[in-house]
Amino acid sequence: MRRLLPLLTLLLPYAAAGQMLDGNTPVLAQQGHERATDSVRVPLLRTADGRLLALQAGDAAPADALRADAPSAYGVIDGSRVVSSSLQYGLDPHLQVHAGVSDQSWVGNHDARVVGSEVGATYNAGRYSIGLSVGSSAATHRALPRVVPGAAPGINGLADFDSSTQLNARGRVALDGKSGIDLGASMGRIQLLPGNLLGTATVDQKALSFGVDHGPLSGTIVGRSMQPSLPGSFSADRRWNSIDLGVTWHLPWQGELSIGAQNVWSSGTSVNTPAGPEPDQSRTPYVQYHQDL
């Protein structure tokens, strides 16, 4: 939680901007915050017609990103954590806009980071909701660290990751008060570091996700496909495909147990580099426990 406070503090000046978003006079929200199992939501302003300006911050491990249908895949055993913070505003009872930032760092190497940003909107019609967003991320260090021997660091299995941009779409259908279906899709482009041994500067990526939850149980399957944008040492029709699978049990004491595997199925031939195969398509099972304090 100590790492979440600086992010929340940096975004507090946006509260003043909320006073000019419409003609109603906003009032400060009641003190306190709404807490989820993996994030903190802090109301800042509430207008006379019920509109709410709020900050939301979260601290998650890479396995949590799979459950959230994230378009980027982080290694689940590479010793990294992802801290995120977003500013949310409801334009009307059904439409909400948001802007957020995220920061991925590695244990024992705080110089190497991946900083991301996202802006988007979500329309919620009760049982149905749909959202669109545009996101980007960039590495602040030329070489992402290798913390665990045998685990190639990087994003989407690419150790030479430099930056990325993507368009995301998410939808949800609530079957009843305790269960629902989540769908997600994204498409974007990944920039690689100059001189990488993969032989191409950019890689196009597409991802699809399907999730089901019922009570304390939720499961997600994510499929990804990558292809060189420009022909280098490989032809542009070369593809790498993979599927990730994860199941999470939300425990009664605000804990979560996640079980799954990255690259449970993959196709395409990786390229051997001094840092390991790229893209890394090794099947990686994991068991992760997360406790909200």
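The stretch between Arg41 and Leu91, if pulled fully straight at 0.36 nm per residue, gains 16.2 nm over its current Cα-Cα span. One chain, two ends: Asp292 and Thr140. Fully extended at 0.36 nm per residue, the span grows by 51.8 nm beyond their Cα-Cα distance. Note on Trp253, Trp265, Trp106, Trp240: ascending count of other Cβ atoms within 10 Å places them as Trp253, Trp265, Trp106, Trp240, the fewest first. What the Kirkwood sum gives for segment 162-247 is a hydrodynamic radius of 14.7 Å, with every pair of different alpha carbons counted. Here each label is just a point 7 Å from Cα along the line to Cβ, and for Ser225 and Leu167 those points are 1.7 nm apart.
Each residue, Tyr123 and Val264, gets one label point 7 Å from its Cα in the Cβ direction; the gap between the two is 3.3 nm.
Stretching Leu217 away from Arg239 to a fully extended chain increases their span by 4.6 nm, per 0.36 nm per residue minus the current alpha-carbon distance. With R₀ fixed at 30 Å, the C-beta to C-beta distance from Thr273 to Ala185 puts the FRET efficiency at about 0.50.
Counting other beta carbons within 10 Å of each residue's own, what order do Thr200, Thr220 fall into, fewest first? Before the final figure, lay out each step's value.
Values: Thr200 17, Thr220 23.
By the 10 Å Cβ count, ascending, the order reads Thr200, Thr220.
From least to most packed, judged by other beta carbons within 10 angstrom and beginning with the fewest, Tyr123, Tyr289 follow the order Tyr289, Tyr123.
Taking label positions 7 Å along the Cα-Cβ direction at both Gln254 and Leu132, the computed distance is 3.8 nm, reported to one decimal.
Laboratory data are not the source of any read-out in this text; all were calculated from the coordinates shown. All figures in this text were calculated on a predicted structure; none of them were measured in a lab. Cβ coordinates were reconstructed from backbone atoms using ideal geometry, including for glycine residues, and neighbour counts include every protein chain displayed.
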